[in-house]
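K.L.:
Before I ask anything, let me first share the structure, which is written out below as structure tokens.
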Amino acid sequence: MRRHPVVWGVAILFVMALFSYVFFYRAGTDTGKVRTFSSGNRIGVVSISGPIYDSLRIAEQLDEFGRDSSIVAVILRVDSPGGGVAASQEIYDAVLELKKKKKVVASLGSIAASGGLLVACAADKIVSNPGTITGSISAIMQFANFEELFKKIGLKSSVVKSGKYKDIGSPLREMTPEERKIIQELVDDIYNQFVDVIVKERKLPRAKVKAIADGRVFSGRKAKELGLVDYLGDMNYAARLATELAGKTGKYDLIYPRKKRTSIFDYLLESAANQFSDSLKEKMEPFSGVSYLYYPFR
């Protein structure tokens, strides 16, 4: 029987369209790691990767796992040099809220410094690799100064302000001693908030914390000696510990947050927009506020 070319072509297009729909539907609905059915204890995993400049997505994922009765515990996977103060503090608060419902274990990856350590401290227990770079308990605020450059190219600025310190930190002039004192007091206050968290969550004497809270970093092994982390181990160790803390035994399944359903065009557009936004925030944040950030890893 001879195949009709038109019918054959339509059949091929239908199969291709079906394949494309299934592929992009899966890409738009989940990360490829979400398991709808599992035979073991379900352990939720929330990843904090890269500089922390926004807390909304992480907070939503933590809340989602908190409301999911099938999730017995949550792993906070931290691989971050830190970032914005407010964003780090908001994630820290979201973890504390989750702890009212579920056991939380922080698993530290290659780096969990400054703000990355701050959010990890909210967990019930912290597991670090021996070679994890952590610490950097500090706050930083930096300003660019283009005054000499403007002089060389013949540019001048005129400023009209309502208050003496309205243009504090301006890149167009050198900071005055009075202004530097004001900024130092601001940074010191935010730094002390970080120290307060370490003292409270790690149950360490304030004098001991202050002695190491000067911006220096440590290996995971050294951090354990100092009391900044609880155990040395990898992600699997953290998962077993989370299962145990939840009062469960046996196998476990790692459950990752779902992504909302979207079309391929929305998926690509959203991915590009998020990448651009994250890159812009990463470049601008150091010049726009105080950070809990370990700079050598930028």
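K.L.:
Please verify whether G82 is crowded, with 24+ Cβ neighbours inside 10 Å, more than 29 Å from G250 (Cβ to Cβ), modelled with pLDDT of 95 or more and in contact with a strand residue (DSSP E or B) (Cβ under 8 Å, 6 or more places away or on another chain), treating the condition exactly as stated.
P.N.:
Values: crowded, with 24+ Cβ neighbours inside 10 Å: yes; more than 29 Å from G250 (Cβ to Cβ): yes; modelled with pLDDT of 95 or more: yes; in contact with a strand residue (DSSP E or B) (Cβ under 8 Å, 6 or more places away or on another chain): yes.
So G82 fits the description; yes.
K.L.:
So R202 passes all but one of these: (1) touching a Pro at 6+ places or on another chain (Cβ under 9 Å); (2) touching a residue at least 24 places away in the same chain (Cβ under 8 Å). Which condition number does it fail?
P.N.:
(1)
Residues are listed down the side, and each one gets a yes or a no for (1) touching a helix residue (DSSP H, G or I) at 6+ places or on another chain (Cβ under 7 Å); (2) at pLDDT 95 or above; (3) under 15 Å from S128 (Cβ atoms):
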{"residue": "K224", "(1), (2), (3)": "no, yes, yes"}
{"residue": "M235", "(1), (2), (3)": "no, yes, yes"}
{"residue": "E244", "(1), (2), (3)": "no, yes, no"}
{"residue": "K260", "(1), (2), (3)": "no, no, no"}
{"residue": "I264", "(1), (2), (3)": "yes, no, no"}
{"residue": "L268", "(1), (2), (3)": "no, no, no"}
{"residue": "A273", "(1), (2), (3)": "no, no, no"}
{"residue": "E282", "(1), (2), (3)": "no, no, no"}
{"residue": "Y292", "(1), (2), (3)": "yes, no, no"}
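K.L.:
Just to be sure I understand the filter: pairs with C-beta atoms under 9 Å, separated by 6 or more residues or on different chains, first member in segment 116-135 and at positive phi, second member charged (D, E, K, R) and at pLDDT 95 or above. Which pairs pass?
P.N.:
The qualifying pairs are G135/R216; G135/K222.
K.L.:
Further question: Quick one: which strands (runs of 3 or more DSSP E) lie wholly within segment 31-122 and hold at least 1 residues that are touching an Asp or Glu at 6+ places or on another chain (Cβ under 7 Å)?
P.N.:
On the way: elements: 41-49, 71-80, 82-84, 103-113.
Here the list reads 41-49, 82-84, 103-113.
K.L.:
May I ask you to list pairs of residues, at least six apart or on different chains, whose Cβ atoms are under 6 Å apart, with the first in segment 224-246 being among the hydroxyl-bearing types (S, T, Y) and the second being surrounded by 15 or more Cβ atoms within 10 Å (Cβ to Cβ) and not in a helix (DSSP H, G or I)?
P.N.:
Y231/V127; Y237/V127; T243/N41; T243/Y252
K.L.:
Moving on. Considering only segment 132-139, I want to know if a residue exists there that is crowded, with 24+ Cβ neighbours inside 10 Å, part of a helix (DSSP H, G or I) and modelled with pLDDT of 95 or more.
P.N.:
no
K.L.:
If you go through segment 60-73 one residue at a time, do you hit one that is under 25 Å from L241 (Cα atoms), within 10 Å of the chain's Cα centre (by Cα) and not basic (K, R)?
P.N.:
The answer is no, given that none of the residues of segment 60-73 is under 25 Å from L241 (Cα atoms), within 10 Å of the chain's Cα centre (by Cα) and not basic (K, R).
K.L.:
Of the residues V72, V104, which single one is at pLDDT 95 or above, surrounded by 24 or more Cβ atoms within 10 Å (Cβ to Cβ) and closer than 24 Å to K251 by Cβ?
P.N.:
None of the other options fit; the residue is V104.
K.L.:
Something else about it: Conditions first: (1) farther than 17 Å from C121 by Cα; (2) buried (at least 17 other Cβ atoms within 10 Å of the Cβ). R240 passes all but one, so which condition is the exception?
P.N.:
Result: R240 fails condition (2) only.
K.L.:
To continue, here is another question. Under the condition of being part of a loop (DSSP other than H, G, I, E, B) and surrounded by 10 or more Cβ atoms within 10 Å (Cβ to Cβ), which residue from segment 140-160 is nearest to the chain's Cα centre (by Cα)?
P.N.:
Initially, segment 140-160 is screened for residues part of a loop (DSSP other than H, G, I, E, B), giving 141-146, 154-160.
Among the residues that remain, those that are also surrounded by 10 or more Cβ atoms within 10 Å (Cβ to Cβ) are: 141-146, 155, 157.
Values: M141: 19, Q142: 21, F143: 24, A144: 26, N145: 30, F146: 32, L155: 40, S157: 38 Å.
So, considering only residues that are part of a loop (DSSP other than H, G, I, E, B) and surrounded by 10 or more Cβ atoms within 10 Å (Cβ to Cβ), the one nearest to the chain's Cα centre (by Cα) is M141.
K.L.:
For the condition surrounded by fewer than 17 Cβ atoms within 10 Å (Cβ to Cβ), under 30 Å from L232 (Cβ atoms), of a type in the set (D, E) and at pLDDT 95 or above, what is the one hit in D196, D124, D189?
P.N.:
Criteria check complete, one pass: D196.
The values are calculated or read from the model by the stated rules, or taken from the named source; none is laboratory data. Remember, predicted model here, so these are calculated numbers, not experimental data. As a convention, Cβ positions derive from the backbone with ideal geometry for all residues, glycine included, and neighbour counts pool all protein chains shown.
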